[in-house]
1. State all residues of the range 739-765 that are closer than 23 Å to residue 860 by Cα and within 47 Å of the chain's Cα centre (by Cα); if no residue qualifies, say none.
2. Identify, by number, the condition in (1) modelled with pLDDT under 95; (2) not assigned by TED's automatic domain parsing to the domain that holds residue 302 that residue 590 doesn't meet.
3. Determine which single condition residue 469 fails, assuming it passes every other condition in (1) at pLDDT 95 or above; (2) crowded, with 23+ Cβ neighbours inside 10 Å.
4. Can you pull out the residues in the range 939-961 that are outside any loop (DSSP other than H, G, I, E, B), farther than 18 Å from residue 389 by Cα and modelled with pLDDT of 95 or more?
5. Checking residue 863 against (1) at positive phi; (2) surrounded by fewer than 20 Cβ atoms within 10 Å (Cβ to Cβ); (3) touching a strand residue (DSSP E or B) at 6+ places or on another chain (Cβ under 7 Å), which single condition isn't satisfied?
6. Just to verify a result, which residue in the range 97-121, among those that are in a loop (DSSP other than H, G, I, E, B) and within 40 Å of the chain's Cα centre (by Cα), is farthest from residue 194 (Cα to Cα)?
7. Pick from the range 605-620 the residues that are in a loop (DSSP other than H, G, I, E, B) and in contact with a strand residue (DSSP E or B) (Cβ under 9 Å, 6 or more places away or on another chain): which of them is nearest to residue 942 (Cα to Cα)?
8. Can you tell me how many residues within the range 293-334 are free of Cβ contacts under 8 Å to residues at least 40 places away in the same chain and under 15 Å from residue 654 (Cβ atoms)?
């Protein structure tokens, strides 16, 4: 997803209409200010054919041939991502009078988001620098549709003291930003002024040594590129270096580019370049040459896999499969080229590969696998371009499951990954990659759209060390992003043009100037835009380059090949870095908040469904059925949310179809996960006289269990496994709640339901504005419905920060992008929901800005230190920019804020790498604030995004590293749950409507932060105790698996593949080194084997296992 159809930028508006100086007359006119560029070169839609900056000589040149209608800016990839200067030469017969002189630049349109800053020069003096106005969209430049253009006039006086008799030179340079379109350019002067012919002249516009070496009779020569301007008749000439003739040239009127080889220097050195012509002209320049390195450029030729955006999702699938069919002819055609130019193709993600192989004939399958083994087709490990921080610890392993399967089943060498477009990644990706056999990851972020400070890591490769310190992967963010070759930069004619060369050389010069310490770089070669095709001309162009230049050498390669070569040469000297490269684009998931919640629940439901056969001793779920669910969740959390016009044209069928398909991933994940859970639980059939309560986690649990209202129960009295009644309560929904105590880890307990009243007992109570149990006291503000007081047993202190100006769980609505403009609930109706004594709750109903209604339910359970919160928004469909938050200001001294991500805990700021997002963070399950004497853990079940300290969205300018992107976070006890937005300009949803539920659990504590306790609270809320009908005489199951280490928990338990024991994934969640033993049904296992995440591997180990803090182990346990 490229963010915008075109790059960016160009000129500025001063006034509309025409504003000529009094008594001025037009001297030079290029085009006519008539609302179209039809008199200019390349009009109306030939921008991709742009190749040369304007060189216009009054009296000699023609607008139709010599002045392009479009001028790129340095952010335009189709223009080479470099500043562009248009030149206008005109002659004056006499010394300039003091009268009116003026330049009018009639701008027809400019880039709609990032118009350029323009500098206008006269005879070497800058006379104006301004930014153009935002234009009306891309249709004007791409389609020649001028119905939405925003024309404006840039007018500047030409200082008489800067003009000269004879030749004058006006320059118009796009200094930053993107393109402009011209309507006309006109020069005015006094009525007495007369033009004169522009005198013949030859000049060196620029002379520059580049990072290239060529063969010469005396050895390697250094390449100098000369840009010359010649006005006059065609003439022969010569280029000399330090007085020695280098080559003969032929000069015609216009601009010229020549490459010459000069003696190689080993230290910075000045050399004199001279041009001599047979017509008597001459020009000189002295340049400083720097030593040239012997570079190797690895070119990774890939598509950019957007699952949607450019086409519907089904069309993308067919398109990508077609590319896989077509590459065979490109591979064959390149066989006669040198090996380094052999064609190679990278699908980027494995989603289309799975689709292709599922539909392939035996012959097609064999061909593809042979291409991979031969290195002509490079497979990278990620299924798609993931928003990695949205994935749970188990889901992020599923993101790599298909790669592990291909390696295991087909013997394919997959040891690399590509992550494209997406800026940043969660720290937990590192262990997931390493445990999946991935050693390298190439990151190719978007060039500037909402990337914040991510690009601080451009071309700074490093060993990314996992939270445990045990694993590392070589991470390299491509300095040119993933899309450097979009917009007409392909080699499909089989040649590398001068503008390609200039681009490569400028890039290498920048690296050399910045003291880049390596002589190897990797470039992403992805053409034609997102979902772009293979380039049939690539191999010929690379061979042509390597024939012309000895260095740099270009090698067409797979990710693995390029990174392995880099590691072999530099692996021992690379820096090691540990921390979270906090990503930026996960915020878009809040544009479909209800669907995001559905997927988060489906992920946890699936993990529980896999664990139940272990407890019940029943048949394991089929691997293909489990993968069907993972595929849906992985595709939902992939970065392509919708169409490129999802914001600009949200009601188009194209946008609607893609939004439905994206939502379909969530709905299908929900349906399939429910089906699997139902499959492994006993069905409900007739009266229910007993229930079996299942604990899928690896520690004993005491929690309230709710039996649905539709179950046919004999009464409200519940008897525990020991024969004694347990607290129970009929809820207003009709469900029966009871307290299940000390349910065994990975085990179950059976409770009988009898006729009769609930057993007495419990301290939970609700009345008026108050809610309490024996551990917590809650008081609600009567107007806002927010919590204004929360106290914890053992302390009279109010956990709510009274100085924050907002309450706990307060609804905050931000209309627009200005974070300081906030709206709140002003009136609430508060009623008792559940009266206790087991469960008590208050219900707060409110009108809320941006919503039809808001309902907040606060709930306490007797004996529990946890405040449960359920917030339900009935959202209005609003397309003006907006955001919705729930505030949690916690009054603590010296607060520290932490949150969990897959396989790690991140302390805000301390564990975040530079360049990572600070405006918002993405949470796996919980966020914790701890200060002097205590803290609180907030589990956020449904909403993954938080903001710390204050509301920091949204940035008013989304391109590049705008100052609104925070670079650090100060300590704060205030956390905002960031639940909804529509801030994006593309891809994500323009609005969302209907019911969305957000559940939280807030647990205050005394003392210091406890990572294990926080992890357990998060998993308990997201993987609740499960209940199913049981026989009246049935008994529970003692622990099927026992984890004998308090600081270690299992993130998943399931039958091992092929029926060989159980598979347990262990995580040292305490943040301390741990020693752990395990038991199967109360006995030591006969065999313990370390495996990959899927249960395959043969490394026998002995118990106990030693694990580092945050360590991960997947083990297969087998009994005799």
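The values are calculated or read from the model by the stated rules, or taken from the named source; none is laboratory data. This structure is a prediction, so every number in the text was calculated from the model and none was measured. Backbone-built Cβ (ideal geometry, glycine too); neighbour counts: all protein chains shown.
1. 739, 740, 741, 742, 743, 764, 765
2. Here residue 590 meets the rest and fails (1).
3. So residue 469 meets the others, but not (2).
4. Within the range 939-961, no residue meets the criteria.
5. (3)
6. Taking the candidates together, the pick is 113.
7. Of everything passing the filter in the range 605-620, 620 is nearest to residue 942 (Cα to Cα).
8. Here the count works out to 1.
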